[in-house]
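Just so you know, all these numbers are worked out from the coordinates, no wet-lab data involved. Please read all numbers here as calculations on a predicted model, not as lab measurements. Positions of Cβ are backbone-derived with ideal geometry, glycine not excepted, and every protein chain shown enters the neighbour counts.
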Amino acid sequence: MKYRTLGKTELKVSSISFGTLPLPALKREEAKKVLNEALNRGINFIDTARWIM
């Protein structure tokens, strides 16, 4: 996974983000599996917006 520095901070965020918008359509256990897989692959940029404009 590639990481980038977030603005002028020292935070390193993954180049790929994980959007959680579709998760409510999944059963709870399946949603956990999907999110954990993203985390296991190094994704640490989680988008929790309720809608996309």
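If I fit a long axis through the Cα atoms of helix 28-40 and take the longest principal axis of the Cα atoms of the chain, what angle between them do I get, 0 to 90°, rounded to 10?
That helix lies at roughly 20 degrees to the long axis.
Scan the chain and report its longest stretch carrying no trypsin sites (Lys or Arg not before Pro) that are both in a DSSP loop and have at most 13 other Cβ atoms within 10 Å. Walk me through the intermediate numbers first.
Details: sites that count: 2, 8, 27, 41, 50.
It works out to 9-26.
Report the calculated FRET efficiency for residue 30 and residue 10 (r = Cβ-Cβ distance, R0 = 35 Å), to the nearest 0.05. The partial results should precede the final answer.
Numbers: r = 35 Å, r/R0 = 1.00.
For R0 = 35 Å, the calculated efficiency reads 0.50.
Using only DSSP helix segments of four residues or longer, with each worth -39500 (n - 2.57), what per-residue ellipticity at 222 nm results for the chain after dividing by its residue count and rounding to 500?
-8000 deg cm²/dmol
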